[in-house]
Every structure is written in C-alpha cells, then in structure tokens.
Amino acid sequence: MAKTTDTLINIGPVSRRWLAEIGIYSLNDLKKAGVIETYLMLKAHNPKVSLNMLWGLEAAVRNVHWLSLTKKDKESLIKKLEGKSSDSRLF
C-alpha cells in the first residue's frame with residue numbers, strides 16, 4: 001500500500017491540501033514528480049509557498065524531520081532550484 005501524504009512526516013493538513021491540488025497524493029507521487037518539480041508546481045499554484053515547503057518535501061522523501069536537513073542539504077536544494085528557474089520569487 002502506498003504511503004499517502006497524510007502519513008508523511010513534515011506534511012501538515014494545509015500542505016496536504018496544496019499537494020492534492022497539484023495531483024500529489026502519495027510518497028510515490030512525490031518521488032515520481034521530484035522534490036524540486038513539486039515545489040515549483042506548488043509555488044506556481046500558490047505564491048504563499050515558502051522554502052520551508054521545499055525543506056519539508058525533501059525531508060519527507062528522506063523520512064526525517066525537516067530540521068535535520070543540514071545547511072549543505074539546503075544549499076544543494078537551492079542550487080537545483082536555481083538550475084530549474086531564475087525567478088527570484090521562488091526563494
């Protein structure tokens with residue numbers, strides 16, 4: 001049975017609703033779409049989405065609390081994000 005977003009660490013009710021609005025309902029959906037791509041879709045759908053969502057998505061895939069992501073982890077995610085878009089409103 002696929003792990004649904006309501007069982008993912010770091011993903012609360014508002015985040016689950018936003019994910020559902022873009023078609024992400026499970027951990028498999030998130031992995032298939034990719035963390036960066038999911039964040040970009042969320043940000044396009046809802047400008048209120050912040051980098052905390054990016055941290056939460058990455059940590060959910062790793063099955064760890066988002067606070068356990070290191071500065072290096074976050075910098076790596078930012079570089080990947082910059083590689084996908086030069087829009088500074090994403091940060």
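Each reported figure results from applying straightforward, stated rules to the coordinates on display, with no laboratory input. Keep in mind that what you see is a predicted model, and the values were worked out from it rather than measured. Positions of Cβ are backbone-derived with ideal geometry, glycine not excepted, and every protein chain shown enters the neighbour counts.
Things worth noting here:
- Among SER26, SER50, the ranking by other beta carbons within 10 Å of each residue's beta carbon, starting with the fewest, stands as SER50, SER26.
- Candidate values [x] 2, 10, 8, 8, 8, 9, 10, 10, 11, 10, 7, 4, 2, 0; [y] 2, 15, 28, 27, 19, 8, 1, 0; [z] 3, 12, 20, 19, 13, 9, 7, 7, 6, 4, 1, 0, label of the one derived for P(r) over Cα pairs in 5 Å bins from 0, in percent: [y]
- Hits among lysines - C-alpha to C-alpha of LYS84 under 25 Å, sequence gap 8 or more where chains match: LYS31, LYS32, LYS43, LYS48, LYS71, LYS72, LYS74
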